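Remarks on the structure that follows.
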There are 2 protein chains.
Amino acid sequence: MVDQIDAMDRKILGELQRDASQSLDEIARKVGSSKTPVWNRIRKMKEGGVIGQQTVILDPESLGLEACFFVLVRTNAHEAGWQEKFLKVLQKRPEVLEAHRLAGEIDYILKVRVKNARAYDEFYQALIKEVTIYNVTALLSMEEIKSTTELPL
Amino acid sequence: MVDQIDAMDRKILGELQRDASQSLDEIARKVGSSKTPVWNRIRKMKEGGVIGQQTVILDPESLGLEACFFVLVRTNAHEAGWQEKFLKVLQKRPEVLEAHRLAGEIDYILKVRVKNARAYDEFYQALIKEVTIYNVTALLSMEEIKSTTELPL
DNA sequence: CTTGAAACAGTTGCGGT
DNA sequence: ACCGCAACTGTTTCAAG
């Protein structure tokens, strides 16, 4: 699927990432094509899973979510089923916006959005109650310098 | 602005986050209202900055962006203008998807999306060439367990 | 809040290159 | 085979009650 994506596709993706509310005509004009071919390309990329969810970015502050933590998780007890349980808890918790399994000493990193430090502690307590964790370091974000969902094309 | 957001607004935001391609009628039906009032609420929340960019989520793998790093940055030389320069570099670089200024020992965390480890090294070399950095730790993501732009409402 | 109408955009089929 | 045209259908936008 990767190789099938040509320069025209990338231009379209760029426009969609930037502003998905644009009309087909507008996008077509910008990429130097017209409605139908652009529509067909978009359809194929949706089918192929290149284009996923269409969404709006909300302002966390406006919604009272004023704290953001990056959580570094170390585990040494790799019992059978532990990871499965851990993943299930992360999926369930809406304040966990991202979770990655890492290479190296730190096993996982989480990005957690909450109302305040107190809400983070509640999350943390709930987490360690459900799964045993060897070591946790929480990094508190003071300022979001940059935040984008736009991938480099 | 925060207090003005009521339960109905939150329901609408939930639907928009989940799928911004839905028609107004569909959203109105789901939240138990009708077209015009829903439209007016959305308009107000756009004006108020609660609702930001409308976008599509692209699949990084399909676009050949197979590596994701979290970069922990420590700096001790806080010369005048250093931070400004650092921010400018981060803004300029499209592979930097997120950047936060932190409380504590680690000063910044970055999330960087690139083609492969080689591309990360190129980014790293370019970064330290432009600004002096005391210490850098790169955490390589092996697996994206969870990734969402949907905030908890 | 509801109705409704005018402008606009998405979707599909057809003919041309 | 793909593109662009154009008609049709559905959606957004907004005014009036």
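Things to note:
- Copies compared at residue A:149 - label distances in nm, ascending, label defined 7 Å from Cα in the Cβ direction: 0.2
- Area of residue B:134 that stays accessible when all protein chains are in place (1.4 Å probe, Å², to 10): 150
- Rel. contact order, % - alpha carbon contacts under 8 angstrom, at least six apart, chain B: 26
- Computed accessible area, residue B:137, all protein chains, 1.4 angstrom probe, square angstrom: 50
- Only helices enter this figure: runs of n ≥ 4 DSSP H residues, each worth -39500 (n - 2.57), summed and divided by the residues of the protein assembly as shown, yield -11500 deg cm²/dmol at 222 nm to the nearest 500.
- Label distances, nm, residue B:101 versus same residue in remaining copies, Cβ-directed 7 Å point: 3.6
- Note on residue A:142: accessible area is roughly 100 Å² with a 1.4 Å probe, heavy atoms of protein only.
- Pairing chain A with chain B buries about 6100 Å² of accessible area. This figure sums both sides and uses a 1.4 Å probe.
- Computed from backbone phi, the HN-Hα couplings of region A:6-12 come to 9, 4, 5, 4, 5, 4, 4 Hz, rounded to whole numbers (Karplus: 6.51 cos²θ - 1.76 cosθ + 1.60, θ = phi - 60°; Gly and Pro given as x).
- Positive minus negative residues near residue B:89 (Lys, Arg vs Asp, Glu; Cβ under 11 Å): +4
- Modelled label reach - residue A:149, point 7 Å along Cα→Cβ, region B:117-149 residues with backbone N closer than 20 Å: B:144-149
- Distance between region B:38-57 and region A:50-110 - C-alpha centres, whole angstrom: 26
- Compared with its chain on its own, region B:129-153 contains the following residues whose accessible area drops by 50 Å² or more in the full protein assembly (probe 1.4 Å; ligands, DNA and RNA excluded): B:139, B:142, B:143, B:145, B:146, B:149, B:151, B:152.
The values are calculated or read from the model by the stated rules, or taken from the named source; none is laboratory data. Being a predicted model, the structure only gives us computed values, none of them experimental. Counting neighbours? That spans all protein chains shown, and the Cβs are built from the backbone with ideal geometry, glycine included. Heavy atoms of the whole protein, side chains included, go into the accessibility calculation; ligands, DNA and RNA do not. Shrake-Rupley method; radii C 1.70, N 1.55, O 1.52, S 1.80 Å.
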